[in-house]
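Here's the structure, in structure tokens; my notes come after.
The values are calculated or read from the model by the stated rules, or taken from the named source; none is laboratory data. None of these values were measured; they are calculated from a predicted model. Heads up, the Cβs are rebuilt from the backbone with ideal geometry, glycines too, and the neighbour counts pull from every protein chain shown.
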Amino acid sequence: MRIDISKFCVENLLNETDFRLKLVERDSKCDTSKTVEKQLALEVLETFKNGLVLTGDNGIDVTPTNPTISLENELAQNSIETLKVADYLIKKTNDRLLENYNSRNLELVEKIREIRIARFEALENAFLDLDSVKVEKTNLTPVQKPKFDFFI
């Protein structure tokens, strides 16, 4: 008795592409066929239940009883490793930026301190110069009254 492959996959929560790949391993005619012998479909279903992760179109995952290498597992592992490398690179980049920021801040603090000390020394020298200058007292003469008072 032959059964429809699509309906069988939906009923058993199988990914049709994965199921067809397993079918082709046993019978190459199943690649383009819409139907398959029920006994062969049940045998392939057992291989899925004995170790492969079954993923239905509705997103239901059935965990394997014995772990085997699959494309999904390898892709997931590759993605995880890529993310770990990216995280490491970002952390190192951020550490380097923070280190550069802190050293640049120290340089700016030192430069501001040098400017402040130089300005203070210049003011101190200017005040010392003022103390050394002697100013002679001059007597101011009273201003004479102008002849024409009416303008005032």
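Side notes on the structure shown:
- All told, Thr138 meets the bar of being part of a loop (DSSP other than H, G, I, E, B), modelled with pLDDT of 70 or more, out of contact with any Phe, Trp or Tyr (no Cβ under 9 Å at 6 or more places or on another chain) and among the hydroxyl-bearing types (Ser, Thr, Tyr).
- Among the residues making up segment 1-41, those that are in contact with a Phe, Trp or Tyr (Cβ under 9 Å, 6 or more places away or on another chain) and aliphatic (A, V, I, L, M) are Ile5, Leu14, Val36, Ala41.
- Residue tally, condition surrounded by 13 or more Cβ atoms within 10 Å (Cβ to Cβ) and modelled with pLDDT of 85 or more, over segment 25-41: 5
- Scanning segment 18-51 for residues that are outside any loop (DSSP other than H, G, I, E, B), small (Gly, Ala, Ser) and out of contact with any helix residue (DSSP H, G or I) (no Cβ under 9 Å at 6 or more places or on another chain) returns a single hit, Ser28.
- Among the residues making up segment 7-17, those that are polar (S, T, N, Q) and either assigned to a loop (DSSP other than H, G, I, E, B) or surrounded by 14 or more Cβ atoms within 10 Å (Cβ to Cβ) (or both) are Asn12, Asn15.
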